[in-house]
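Asks: Here it is: the structure, laid out below.
The values are calculated or read from the model by the stated rules, or taken from the named source; none is laboratory data. Since this is a predicted model, take the numbers as computed values, not measurements. Backbone-built Cβ (ideal geometry, glycine too); neighbour counts: all protein chains shown. Remember, those area values only see protein heavy atoms, side chains included, never the ligands or the DNA or RNA. Shrake-Rupley method; radii C 1.70, N 1.55, O 1.52, S 1.80 Å.
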Amino acid sequence: IERWLVGEYYLGAELRNGKTNFRWDLLVVYDPAQHDFSKNFLDELNSFLSNFALPCIIRGDFNLIRCVDDKSNRQGDRNLMDTFNCFIEHNQLRELQKVGARFTWTNKQSNPIKSNIDRVLMTAEWEKSFSSVYSFQLTRLRYDHCPLILDFGDTLKRKPGQFYFEKY
């Protein structure tokens, strides 16, 4: 870690690979569920991305959907979706391929609403350096979010062993 990066809506680090000397930024974000703060959240990320030249990956709870398919009830604020998609396009970000369940969050009600609000976004420069990376989500056990794990490619090639009991 070269230095810590702290904002109102993110915590991050400027990282350097000791072997290759490759430097990049990692931001972990949280946008409050109250969408009154979403513009401030995106403005802060815009400011960060425009002021720093290192390749970057941004992951976390965006509390925003990109389209109605990101929500189980297919309802959402079109203006917020457009604003979020414009932010992604303006900063030339790409969403990292995700393997696993479709939704990353649930309200845990008897008739649950589920949505895809946890994401990993990256700059093209970061993607070039980590071209085989993907994300997958662990099973949600106690919390309302499914943890997203980054895999830098080596486990994709391995098939998990099958577990079974042998009967003697």
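Asks: Give me the residue from region 17-39 that is of a type in the set (A, V, I, L, M) and within 14 Å of the chain's Cα centre (by Cα) and, out of that set, surrounded by the fewest Cβ atoms within 10 Å (Cβ to Cβ).
Replies: Let us first name the residues in region 17-39 that are of a type in the set (A, V, I, L, M), namely 26-29, 33.
Imposing the further condition that a residue be within 14 Å of the chain's Cα centre (by Cα) reduces the set to 26-29.
On the way: Leu26: 19, Leu27: 21, Val28: 15, Val29: 22.
Only one residue fits best here, namely Val28.
Residue by residue, here is whether (1) acidic (Asp, Glu); (2) open to solvent by 60 Å² or more (accessible area, probe 1.4 Å) holds:
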| position | (1), (2) |
| --- | --- |
| Phe41 | no, no |
| Cys56 | no, no |
| Phe62 | no, no |
| Arg66 | no, yes |
| Asp82 | yes, yes |
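Asks: Scan region 62-106 residue by residue and report those that are among the charged types (D, E, K, R) and over 23 Å from Gln34 (Cβ atoms).
Replies: Asp69, Glu89, Arg94, Glu95, Lys98, Arg102 - these are the residues of region 62-106 that are among the charged types (D, E, K, R) and over 23 Å from Gln34 (Cβ atoms).
Asks: Sticking with this one: For region 24-75, enumerate the residues that are assigned to a strand (DSSP E or B) and farther than 25 Å from Glu14 by Cα.
Replies: Residues of region 24-75 that are assigned to a strand (DSSP E or B), as a first pass: 24-30, 56-61, 71.
Result: Lys71, single match.
Asks: Of all residues in region 3-23, which are in a strand (DSSP E or B), within 22 Å of Leu64 (Cα to Cα) and among the small types (Gly, Ala, Ser)?
Replies: To start, the set of residues in region 3-23 that are in a strand (DSSP E or B) comprises 3-6, 10-16, 23.
With the extra rule that they be within 22 Å of Leu64 (Cα to Cα), the set shrinks to 6, 10-12.
Of everything in region 3-23, just one residue is in a strand (DSSP E or B), within 22 Å of Leu64 (Cα to Cα) and among the small types (Gly, Ala, Ser), namely Gly12.
Asks: Name the residues in region 96-132 that are part of a strand (DSSP E or B) and either open to solvent by 60 Å² or more (accessible area, probe 1.4 Å) or of a type outside the set (Val, Ile, Thr) (or both), would you? Give the steps one after another, and end with the answer.
Replies: If we filter region 96-132 for residues that are part of a strand (DSSP E or B), which is where we start, we get 98-99, 105-106, 114-115, 118-123.
Within region 96-132, Lys98, Val99, Trp105, Lys114, Ser115, Asp118, Arg119, Leu121, Met122 qualify.
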